[in-house]
Amino acid sequence: QVQLVESGGGLVQAGGSLRLSCAASGNIFRINDMGWYRQAPGKQRELVAAITSGSSANYADSVKGRFTISRVNAKNTVYLQMNSLKPEDTAVYYCNAVIVDYGLGPPGDYWGQGTQVTVSS
């Protein structure tokens with residue numbers, strides 16, 4: 001069984017910063033790509049940022065220059081540093097990871113429970 005647990009969401013004023021963390025645990029052999037998605041009320045879930053096991057990152061245009069994704073492979077953890085936050089960044093943020101477990105079957109797609117980020121104007 002694999003579990004992703006997020007932390008770090010909250011309420012912040014526009015221009016402020018937050019750091020999200022997501023730790024994977026369980027029957028993990030290898031973690032491939034990790035990423036953060038978000039879903040605002042009435043909108044579809046969208047990719048915010050993703051990072052490969054070799055730490056190559058890509059970002060949604062809307063967050064480039066403001067958000068930074070990173071990971072510590074030894075801790076099975078991915079982070080999202082969010083600076084210069086805007087009200088339009090308000091959403092539930094979800095962690096995602098593509099994980100191979102010790103059964104060595106095909107990689108599975110795993111999601112965290114989501115953490116609320118609210119940016120006030």
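Structure values in brief
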{"item": "Residue match in region 44-65 (condition: modelled with pLDDT under 95, under 25 Å from V2 (Cα atoms), open to solvent by 70 Å² or more (accessible area, probe 1.4 Å) and in contact with a Phe, Trp or Tyr (Cβ under 6 Å, 6 or more places away or on another chain))", "result": "no"}
{"item": "Test: R71 is modelled with pLDDT of 95 or more, exposed (fewer than 15 other Cβ atoms within 10 Å of the Cβ) and within 17 Å of Y94 (Cβ to Cβ)", "result": "no"}
{"item": "Failed criterion for G10 (all others in (1) over 15 Å from T118 (Cα atoms); (2) open to solvent by less than 30 Å² (accessible area, probe 1.4 Å); (3) at pLDDT 95 or above; (4) not hydroxyl-bearing (S, T, Y) hold)", "result": "(1)"}
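Conditions (1) touching a Lys or Arg at 6+ places or on another chain (Cβ under 9 Å); (2) of a type in the set (A, V, I, L, M, F, W, C); (3) part of a strand (DSSP E or B), marked per residue:
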position	(1), (2), (3)
R19	no, no, yes
A23	yes, yes, yes
M34	yes, yes, yes
Y37	yes, no, yes
S84	yes, no, no
Y93	yes, no, yes
N96	no, no, yes
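The values are calculated or read from the model by the stated rules, or taken from the named source; none is laboratory data. Note that the structure is predicted; figures quoted are calculated from it, not measured. Cβ atoms come from the backbone with ideal geometry, glycine included; neighbour counts cover every protein chain shown. SASA here: full protein model, heavy atoms, side chains in, ligands and nucleic acids out. Shrake-Rupley method; radii C 1.70, N 1.55, O 1.52, S 1.80 Å.
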